[in-house]
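First the structure, in the form of structure tokens, and then the observations on it.
The values are calculated or read from the model by the stated rules, or taken from the named source; none is laboratory data. Quick caveat: nothing in here was measured; it's all calculated off a predicted structure. Note: ideal-geometry Cβ built from the backbone for every residue, glycine included; neighbour counts use all protein chains shown. The protein model used for the area step is the full one, side chains on, heavy atoms only, and it has no ligands, DNA or RNA in it. Shrake-Rupley method; radii C 1.70, N 1.55, O 1.52, S 1.80 Å.
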Amino acid sequence: MTISDSAITVQPGAAKSSNGAIEHSREVLKRSCVVIRFAGDSGDGMQLTGDRFSSAAAAFGNDLATMPNFPAEIRAPAGTLPGVSSFQLHFADHDILTAGDQPDVLVAMNPAALKANIADLPPGGILVANSDEFTKRNLTKVGYPANPLEDGSLCAYTVHSVAMETLARGALEHTELSKKDASRSKNMFALGLLCWMYHRPTEGTERYLREKFVRRPDLAEANILAFRAGWNYGETTETFAVTYEVSPAKLDAGTYRQITGNTALAYGIVAAGQRSGLPVFLGSYPITPASDILHELSKHKAFNVTTFQAEDEISGIGAAIGAAFGGAFGVTTTSGPGISLKSEAAGLAVALELPLLIIDVQRGGPSTGLPTKTEQSDLLQAMFGRNGECPLPIVAPRSPTDCFDAALDATRIAITYRTPVILLSDGSLANGSEPWKVPAVESLPPIEPGFATAPNAPDGSGEFWPYQRDDDTLARPWAVPGTAGLEHRIGGLEKADGRGSISYDPDNHDHMVRLRQAKVDGITVPGLEVDDPDGHAELLVLGWGSTFGAIGAGCRQVRAHGLAIAQAHLRHLNPLPANLADLLHNYRTVLVPEMNLGQLALLLRSRFLIDVKSYTKVSGLPFKAEELRNVFIDALKGDLL
Amino acid sequence: MSATDLGLPLMGGLDAIPTTDQKQSAKDYTSDQEIRWCPGCGDYAVLAAVRGFLPELGLRRENVVFISGIGCSSRFPYYLNTYGMHSIHGRAPTIATGLAVTRPDLSVFVVTGDGDALSIGGNHLIHAIRRNVNLTILLFNNRIYGLTKGQYSPTSEVGKITKSTPRGSLDHPFNPLSLVLGAEASFVARAIDADRAQLTDVLRKATAHRGTSFVEIYQDCPIFNDGAFDVIRRGGDNAKQRIIPLRHGEPIRFGVNNEYGVVLGEGGFGLRIAPVAGVGEDAVLVHDTERPDPSIAFALSRLSDHDLTHTITGVFRCVRRPTYDDGARLQIREAKATESADLAALLRGRDTWTVDA
Ligand code: SF4
């Protein structure tokens, strides 16, 4: 990461952290940041383990970022490489932007996890391996001729070989638990051990386990026992000579929690419903990685949130349109090929000019592609992927926590301008998490639905004209059924401007096409801010969506070399901020890194006639800060492209 | 996950919809739009029946909504002075579902055709019916694609020569009533466009039913499938020999002199038609729309031959079953009654930490 770990102070003997109150009888090294990767079989509970460690780090006051990485199969064959699931987390005593390029510590629960991840562990890194799983059979399964824990092949690393399963089972000997259940708690053993190594508080995890297994207190206690056994193992055996401390980060004052992008989106939707006073209706069909938004929203019925698990993607958006016609805040969520299925109905929503929020959690494509991996490859589809001239606004959050604000922002646009809005999240935002400074509810912007209540015909006829527009926003009135005197019919056929009746008139169609475009083009979005601390950078790195963290971290590294570089990040992809044209012309080079084959670059080139440089990667994994740093330095040297 | 008793109220289809004391007429329900169906199209008769029947419901006009898909019949909403949406091909049930779930104060109709509902929208139709959303679905079945100028539809007979099937169509047609009964429909009926009295009667019962009411209307398309239903549309003895009208609580009989009856099939399976004189009056099946088991209703749907040798009309089935939209609203009400809706508390969650200034 950007800030090196060289600032190490050695504290002899026991250490007492400021708020963790955990005492150790070992040498304590201070670290400014640490990256841990938990890796194991899909069935080993690595996501839960990582998530718990993150919570402990968050509760301790570190800044943090996480990156889960799991296969699409729920349970790929046990012990195989395709079945490996991992969770990387980066925690620090300062503000950080990414989940880290490479781990400092790799926890490998089986040979497959080791094989799939060891290449990412830099020399000198710490490996904690569950030796119980390193059996001949398991080693053969992944093509290890000999046990790497014993054959010296891992001598570049500090290797801790721990019989986690045996030790966890031993700790549970006196419980009623079956051998199988006891073995399954090995992940909690690993978590306990890592919590000990990094001085993490333990109460949160114990409380979490009690709540999670509230109906199975025996399992709760067993997991807690295994967790404590892991902690005690570190404390009592001599294997671990040192432990590490990462002090709390100096974040802005406030109340914090940890949150994933999908949860933040769901909360943003709930908040938008509350701030607009509208009932929320989500029509959705389960699809990875968007389903968690459906799951989360289905819990919040008390906030007047209705969730409808539809028979397919089309029905999900169709029902949301129906709800919007009735005056609710209609939302639909999807991912991957789901957004293709919604195209037709999204076009209808553009023609109807009804508020609608369409959330696309982008994943690897084409087709089914890589369901659990991340990509930014739906931008052009969001822009143009409907028949006819069919413009709609596009909003993209930059980080898991920004998903909350982006959802509110997208709702504001949808309701103010009576238009469907596409919010482009992606797999890394959806499942990634970071600390979130919880906003005060009063600080959230109110959203005014402004339903039509009276006839509006400009000819004084006392009729209601559904396509009579607001002069400023060009929005049409939102007149909901149940309002007497405003009965009207709308549909997908072209409408006469104003009156809204079916019209095949050529001039009217030309006019309406231009009006719909003008409405979207005229949406007010904030000007783009540039981070150019020196004020004389010649290279502007322009990104959008989830690449914000990696681009930012890459820029920090470049600046640490004493070089000037500017960063700007687009939230509004359509319309683009009004000051973008000038901004782009201010820099000698504009570089656009994207996790696609250059979709934003294509838009910018055609729109502004600027030869922006495009750096692309489509591996299903986020950019690494170091990778981008090198790209930026190349660009500064003029070597790029 | 276990099934829970939703404790749903037993209501009528129009309960919770605001009514008016003002006298309404068909004219009140007539919009200013010029009707663009072909002369002689059966849609006119259905429109007249609907305009004539809506006023008698006594609902506030602004609380009536017609949603349609694409096709000739889907122009229907434009001609009614209610709220309406002419949506996209096959998707009307989805839009109507979202509307009905969020707005219990609306009477929501879906107008669709054989291509719209049974071909491109087949999936949405069966799922709306399965959920039993409080909707009235009117399927105009003319057994042809009209708006696209005469291709065979999913209800066209095998071997039909059309623009897209010069050697005859190969697809086996759907029997729409068998299909929706298989989808657990709680209200199923059939009417003929030309028989206004019966159509109105069916519409009345359909709107009074809470849940999805499915009404198939045989509709003549004189342009592309002229006379498809003539043998039953034209009245007279020919029609009497073919049409088997269903009346709840009455023996199912028909014929020029009511000489035929519907009786249980061989070995108790299915139904068959027999001369009443031959089997005796007691053997004739007494129609019961409220039979919980749909087998008899299904057997009745199978008695209707595609060539219209026999055509059953009237209400096949009308049973009470929890509706999706009532259930969804009940869950919201219960959540509101038992959980706090404190946004600040939600955003904070359970694990927070504080950073001091
Ligand atoms: S094509 Fe047939 S169904 Fe369509 S309007 Fe003309 S007659 Fe009616």
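Checking A:477, A:439, A:455 one by one, the residue that is in contact (Cβ under 8 Å) with a residue 24 or more places away in the chain, away from every other protein chain (no Cβ under 13 Å) and either more than 30 Å from residue A:70 (Cα to Cα) or open to solvent by 10 Å² or more (accessible area, probe 1.4 Å) (or both) is A:477 and no other. Taking region B:261-311 as the search range and keeping residues that are open to solvent by 20 Å² or more (accessible area, probe 1.4 Å) and β-branched (Val, Ile, Thr), which one is farthest from residue B:240 (Cα to Cα)? My answer is B:296.
For region A:242-274, residues that are more than 10 Å from chain B (Cβ to nearest Cβ), out of contact with any Lys or Arg (no Cβ under 8 Å at 6 or more places or on another chain) and either more than 23 Å from residue B:341 (Cβ to Cβ) or assigned to a loop (DSSP other than H, G, I, E, B) (or both) total 1. Inside region B:81-104, residues that are at the interface with chain A (Cβ under 7 Å from one of its Cβ atoms) and open to solvent by 10 Å² or more (accessible area, probe 1.4 Å) make up a count of 5.
With respect to the conditions (1) more than 7 Å from chain A (Cβ to nearest Cβ); (2) in a loop (DSSP other than H, G, I, E, B); (3) surrounded by fewer than 22 Cβ atoms within 10 Å (Cβ to Cβ), residue B:28 falls short on a single one, namely (2). Can you confirm whether region B:33-40 contains a residue that is open to solvent by less than 10 Å² (accessible area, probe 1.4 Å) and either near the ligand (Cβ under 10 Å from one of its atoms) or of a type outside the set (Asp, Glu) (or both)? Checked region B:33-40: no residue is open to solvent by less than 10 Å² (accessible area, probe 1.4 Å) and either near the ligand (Cβ under 10 Å from one of its atoms) or of a type outside the set (Asp, Glu) (or both).
When the helices (runs of 4 or more DSSP H) confined to region A:121-240 are screened for residues that are modelled with pLDDT of 90 or more, within 29 Å of residue A:80 (Cα to Cα) and open to solvent by less than 50 Å² (accessible area, probe 1.4 Å), those reaching at least 3 such residues are found at A:164-171, A:186-197, A:217-236.
Taking every residue in region A:580-599 that is in the same structural domain as residue A:364 (by TED's automatic domain parsing) and pairing it with any residue that is surrounded by 19 or more Cβ atoms within 10 Å (Cβ to Cβ) and of a type in the set (Val, Ile, Thr), at least 6 positions away or on another chain, yields no pair with a Cβ-Cβ distance below 8 Å. Restricting attention to region B:178-209 and to residues that are charged (D, E, K, R) and buried (at least 24 other Cβ atoms within 10 Å of the Cβ), the residue that is farthest from residue B:135 (Cα to Cα) turns out to be B:193.
Collect the residues in region A:409-436 that are surrounded by fewer than 22 Cβ atoms within 10 Å (Cβ to Cβ) and within 14 Å of another protein chain (Cβ to nearest Cβ), keeping them in residue-number order. Across region A:409-436, there are no qualifying residues. Out of A:226, A:323, one residue alone is within 14 Å of chain B (Cβ to nearest Cβ) and either in contact with a Lys or Arg (Cβ under 9 Å, 6 or more places away or on another chain) or of a type in the set (Asp, Glu) (or both). It is A:323. Number of residues in region B:260-308 that are closer than 17 Å to residue B:250 by Cβ and assigned to a helix (DSSP H, G or I) equals 9.
Considering region B:52-71, and only residues there that are more than 17 Å from the chain's Cα centre (by Cα) and open to solvent by 40 Å² or more (accessible area, probe 1.4 Å), the residue that is farthest from the ligand (Cβ to nearest atom) turns out to be B:60.
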